[in-house]
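The values are calculated or read from the model by the stated rules, or taken from the named source; none is laboratory data. Note that this is a predicted model, so its numbers are computed, not measured. Because the Cβ atoms are built from the backbone with ideal geometry, glycine has one as well, and the counts that use them run over all protein chains shown. What goes into the accessible areas is simple: the full protein's heavy atoms, side chains included, and nothing from ligands, DNA or RNA. Shrake-Rupley method; radii C 1.70, N 1.55, O 1.52, S 1.80 Å.
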Amino acid sequence: MSAPAHLRFAPSPNGRLHRGHAYSALLNAEIARRLGGRLSLRIEDIDPVRSRPELVAAILEDLAWLGLTWSGPVRRQSEHMADYAAVRDGLAAAGLAYPCFCSRRQIRDSSAGSADPPRDPDGAPLYPGTCRGLDPIAVRARVEAGTPHTWRLDMARALAAAPGPHIYTAFGPDGGEWRVAADPARWGDAVIARRDVPTSYHLAVVHDDAAQGVTHVVRGRDLEAATDLHVLLQRLLGLPSPRYHHHALIRDAAGEKLAKSRGSVSLADLRAQGVAAAELRAALGFSPA
């Protein structure tokens, strides 16, 4: 007998929630209801600079206004850094990750002479592997001296350790399922741990979905390409792969994706304008209550 469906809504407290977040949260809740499962709330607050306590409180306020509830305690990623460090160290010990001392500017400058430099799915210049072959003794000395560095997945070694095909199961809100071929190689030597914390979005989300027993992941299409990398990390770490649904994004009048960084109208702004939660729910295609 299969375990009950378990979904999660996982916002980052680096700005106020907007209509796009509301749609994703409501869709998670609706699919959890249809599947007879449960919904958890996870706060993805690994960014020590942009994540602020008042924004966590604002998330809880916004979700309560929408009429949403969740199962179990709220998981805070900032409380699990030791777990992420252990996963990172395990990958490094297996020869699958290495320290990188390059800055973003250095990586960008390395491809400045190319008319069409290779890029990862997020549009960033693909890392050229500058630090991959550095002398291990020199690397250890720099790390021990406190030289700032990220940790990168050695993609070639990772694919050798977990050869393809890499496949995940996608599903629709109506319950239909299909298989999707993933291509993690297009991410190159992706960052799995930042300079300031022992993890990245990719590593933390893969670890947490498994730790929480998440069976179905519902998130925006802007994260669809990331699933390719997540499937590989799951294979390397011996973790189960959830089913995935990547929903359409809510856009503004100009057709642009809503984003905190662009100053999109927040749910708090809508409340201040007199918009009722039932009105917003209906506008997003959900029942008013």
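Some points to look at:
- Ranked from largest, the principal axis spans of the Cα set of the chain equal 61, 46, 39 Å.
- Apportionment of accessible area to carbon and sulfur, segment 15-74, percent (1.4 Å): 54 percent
- Local charge for Val139 was computed over the other residues whose Cβ lies under 14 Å away, with Lys and Arg +1 and Asp and Glu -1, and equals +1.
- Among residues other than Arg271 with Cβ under 10 Å from its Cβ, the summed charge is -3 (Lys and Arg +1, Asp and Glu -1).
- Convex hull volume of the Cα atoms of segment 133-247, normalised per residue: 113 Å³.
- Neighbourhood charge, 9 Å Cβ-Cβ cut-off, centred on Ala211 and excluding it, Lys, Arg +1 and Asp, Glu -1: -2
- Degrees between helix 53-65 axis and first principal axis of the chain (Cα, 0 to 90, nearest 10): 40 degrees
- Residue-normalised accessible area of segment 140-262, expressed per residue, 1.4 Å probe, Å²: 45 Å²
- Accessible area of segment 40-122 divided out per residue, in Å², using a probe of 1.4 angstrom: 54 Å²
- Acute angle (nearest 10 degrees) that the helix 226-237 long axis makes with the longest principal axis of the chain, alpha-carbon atoms: 60 degrees
- Protein accessible area in segment 245-289, 1.4 Å probe - carbon and sulfur %: 53 percent
- When Ser2, Ser266, Ser287 are compared by accessible surface with a 1.4 Å probe, the order from highest to lowest is Ser2, Ser287, Ser266.
- Ligands, DNA and RNA left out, the 1.4 Å accessible surface of segment 157-226 is 53% carbon and sulfur atoms.
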